[in-house]
Amino acid sequence: MNKTLIALTLGVGLLACTPQQNFQEAYDSINEEGLKARIETLASDEFLGRMPFTEGETKTINYLKEEFQKLGLKPGNGDSYFQEVPLVELTATVDTQMKITGGNAKINLNYWDDFVALTRRVTDSVRIENSEIIFVGYGTIAPEYDWNDYEGLDVKGKTVMVLINDPGFGSEDKSFFKGNEMTYYGRWTYKYEEAARQGAAGIIIVHETEHASYPFEVVQGGWSGANLYLENPDNNMSRCIIEGWISEESADRMFTNMGMDDYDFYPEAKSREFKSFPMNQQLSVGLKNKIKRSKSNNVVARYEGSERPEETIVYSAHWDHFGVGNPVDGDSIYNGAVDNGTGVAAIIQVAEAFTKLNQPTKRSVVFMAVTAEEQGLLGSAHYSVNPIYEPAKTVANLNVDAIRPIGRVNDFSIVGYGQSELDDYAKRAVEKQGRYITPDPHPESGGFFRSDHFNFASIGIPALYGKGATDSEANGKAWGEEQYKKYTSENYHKPSDEYSEDFNAEGVRLDAQVLFDIGYTLANESTFPKWKEGSEFKAIREQQ
């Protein structure tokens, strides 16, 4: 072959694979078979429910490290694929009854059926005895809404009883706590934090399924057994002595016990005329802790950029679930196939797609499987305080959590829609698939505060959390909504969240492709997406 022909042949070869063609090949490499295989592995009984501090963690993080190594990705934390997360594990043995005295009669609430309780205080045992109970409505202080449920109260040493969600729940008035969209004031985490700031000895949250967006069984599973917390210099002694939940029926009994048989506390507590009041009853309960200190791990891998490697796009998905716990129908392994085997499988597939590009992107891309999300977003919270990559040079966070494997759905729902310009990137990528963007169809559930993107947003990094919603192409919206409710009531945080050959991973594939498309675009740009006007995170970014 002469030199001219060789040159022509090489030229044709180069032209045959344009950047767009190469992108498309990488995009198309994200496939359902690979996703299902990884979900099946992560959700197998061998991984023991992927609980931090257990053999399940060891198996999970080593599996993830090996997967990233096989793809040729570099360690994401210096020369390590791991970022240690110091945690303390508290396993509580709670009194069998919470005793309520005062009022018309004594009430004994039974552990598990009527209440659950724990403490974040790292100590062998805690107890509150005859602590005066104050009903504090939604337990919220929100100056921007001119709202203060604690106004004029001294709750030091007392126990506050509060409602889950915020006063805007059920309202279409977006100027009043964002209407039906839950604000951070509605989250149980905020309520515990505020009660501690007020000096309360104890706090009990009244559970109601619609307000909480999950049944009482989810509370029972999450507030029992071993619970993990970030190590804290004061051993969390600034927290309330007891943090717990009671059933709505138990709250009704307590109001009846003070002569308020028909008190409808939800509408009363969201009225601007509402004033918190003592319930003329006292609460006694205690528990003993088994304490274990150890380190869990975030798993971090890096795809190196060619021109601006210090600028980074971070994909995140939590690898953990609830391990081996209380059996349900004879099954004690909480496998977490949907939550979050789907998300971890998706970021591995996206990582693999990046490695198939024939030339690297201009910016670096990091893949982070974080720990202890189910315990309160702890792995990402640790990262937000100890970031490996400079937040000011972190372009965006793309988070993946619990994609339901119900086939193609036409709507891609963004939790926290309207927060940042990442919405526009998602819209472009989704419309290429013939799908459309919607805001979160269940804003009352407070999803923006319930996954790891929140901790990236809290340090100013624009964060996107989106996934297919309910508009099933094959079966319609009503069926899709029914599947959402079925998963939430029957499988969410339960042993029944298992892998099945019936998983239809087409929707998982489409969502993973959307996230690859967004990340690829961001990794080849020079601009940084911004928070939109009105976002509470905009000022944090602008100060970096």
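The values are calculated or read from the model by the stated rules, or taken from the named source; none is laboratory data. Keep in mind the model is a prediction, meaning the values are calculated, not measured. Glycine gets a Cβ as well: all are built from the backbone with ideal geometry, and neighbour counts include every protein chain shown. Calculation scope for accessible area: heavy atoms of the full protein, side chains included, ligands and nucleic acids excluded. Shrake-Rupley method; radii C 1.70, N 1.55, O 1.52, S 1.80 Å.
Values for this structure:
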| read-out | value |
| --- | --- |
| Output for the range 75-101, where each listed residue is outside any strand (DSSP E or B) and open to solvent by less than 10 Å² (accessible area, probe 1.4 Å) | G76 |
| Qualifying residue in the range 218-230 (condition: modelled with pLDDT of 90 or more and more than 17 Å from the chain's Cα centre (by Cα)) | yes |
| Matching residues in the range 289-324 - criterion: being among the small types (G, A, S) and either farther than 21 Å from L48 by Cβ or surrounded by fewer than 20 Cβ atoms within 10 Å (Cβ to Cβ) (or both) | S294, A301, G305, S306, S316 |
| The range 181-199 residues that are within 14 Å of F454 (Cα to Cα) and open to solvent by 20 Å² or more (accessible area, probe 1.4 Å), paired with ones that are of a type outside the set (A, V, I, L, M, F, W, C) and modelled with pLDDT under 90 (beta carbon under 6 Å, 6 or more apart) | R187/G446 |
| Counted residues, the range 492-544 - those being among the β-branched types (V, I, T), touching a strand residue (DSSP E or B) at 6+ places or on another chain (Cβ under 8 Å) and open to solvent by 10 Å² or more (accessible area, probe 1.4 Å) | 0 |
| Total residues in the range 453-469, condition of a type outside the set (F, W, Y) and assigned to a strand (DSSP E or B) | 5 |
| Qualifying positions in the range 216-250 - under 20 Å from P167 (Cα atoms) and touching an Asp or Glu at 6+ places or on another chain (Cβ under 9 Å) | I246, S247, E248 |
| Flag for S489 being open to solvent by 10 Å² or more (accessible area, probe 1.4 Å) and either outside any helix (DSSP H, G or I) or in contact with a Cys (Cβ under 7 Å, 6 or more places away or on another chain) (or both) | no |
| Which listed residue, of G416, G379, is modelled with pLDDT under 95, crowded, with 24+ Cβ neighbours inside 10 Å, more than 15 Å from L510 (Cβ to Cβ) and not hydroxyl-bearing (S, T, Y) | G416 |
| Hey, E210 surrounded by fewer than 19 Cβ atoms within 10 Å (Cβ to Cβ) and within 28 Å of S332 (Cβ to Cβ) or not | no |
| Residue match in the range 297-313 (condition: within 30 Å of S489 (Cβ to Cβ), in contact with a strand residue (DSSP E or B) (Cβ under 9 Å, 6 or more places away or on another chain), polar (S, T, N, Q) and touching a residue at least 24 places away in the same chain (Cβ under 8 Å)) | no |
| Test result for G507, among the small types (G, A, S), assigned to a helix (DSSP H, G or I) and farther than 17 Å from D339 by Cβ | no |
| Number of positions in the range 139-180 that are polar (S, T, N, Q), farther than 22 Å from G446 by Cβ and open to solvent by 10 Å² or more (accessible area, probe 1.4 Å) | 0 |
| Check on E243, on the phi < 0 side of the Ramachandran plot, assigned to a helix (DSSP H, G or I) and either over 18 Å from the mean Cα position of the chain (by Cα) or touching a residue at least 12 places away in the same chain (Cβ under 8 Å) (or both) | no |
| Pair list, Cβ under 9 Å, 6 or more apart: the range 255-266 residue under 18 Å from V160 (Cα atoms) and open to solvent by less than 30 Å² (accessible area, probe 1.4 Å), other residue of a type in the set (A, V, I, L, M) and modelled with pLDDT under 95 | N257/A105 |
| Selection count where residues are out of contact with any Lys or Arg (no Cβ under 7 Å at 6 or more places or on another chain) and surrounded by fewer than 19 Cβ atoms within 10 Å (Cβ to Cβ), scope the range 123-138 | 4 |
| Matching option when the condition is small (G, A, S), in a helix (DSSP H, G or I) and either open to solvent by 10 Å² or more (accessible area, probe 1.4 Å) or touching a Lys or Arg at 6+ places or on another chain (Cβ under 7 Å) (or both), among A474, A478 | A478 |
| Subset tally (residues that are touching a Phe, Trp or Tyr at 6+ places or on another chain (Cβ under 7 Å) and hydrophobic (A, V, I, L, M, F, W, C)) for the range 415-447 | 4 |
| Residue in the range 269-280 that is under 32 Å from the mean Cα position of the chain (by Cα), open to solvent by less than 10 Å² (accessible area, probe 1.4 Å) and touching a residue at least 40 places away in the same chain (Cβ under 8 Å) present | yes |
| Qualifying position, being open to solvent by less than 10 Å² (accessible area, probe 1.4 Å) and over 19 Å from the mean Cα position of the chain (by Cα), among V344, V370, V350 | V350 |
| Failed item in (1) in contact with a helix residue (DSSP H, G or I) (Cβ under 7 Å, 6 or more places away or on another chain); (2) part of a loop (DSSP other than H, G, I, E, B), with V160 passing the rest | (2) |
| Qualifying residue in the range 285-300 (condition: in a strand (DSSP E or B), at pLDDT below 95 and more than 23 Å from the chain's Cα centre (by Cα)) | yes |
| Search result, residues across the range 325-341 that are of a type in the set (S, T, N, Q) and either surrounded by fewer than 24 Cβ atoms within 10 Å (Cβ to Cβ) or touching a strand residue (DSSP E or B) at 6+ places or on another chain (Cβ under 9 Å) (or both) | N326, S332, N340 |
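Conditions tested, residue by residue: (1) among the aliphatic types (A, V, I, L, M); (2) under 21 Å from the mean Cα position of the chain (by Cα); (3) open to solvent by 20 Å² or more (accessible area, probe 1.4 Å).
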site	(1), (2), (3)
D424	no, no, yes
E431	no, no, yes
R435	no, no, no
G447	no, yes, no
S451	no, yes, no
A463	yes, yes, no
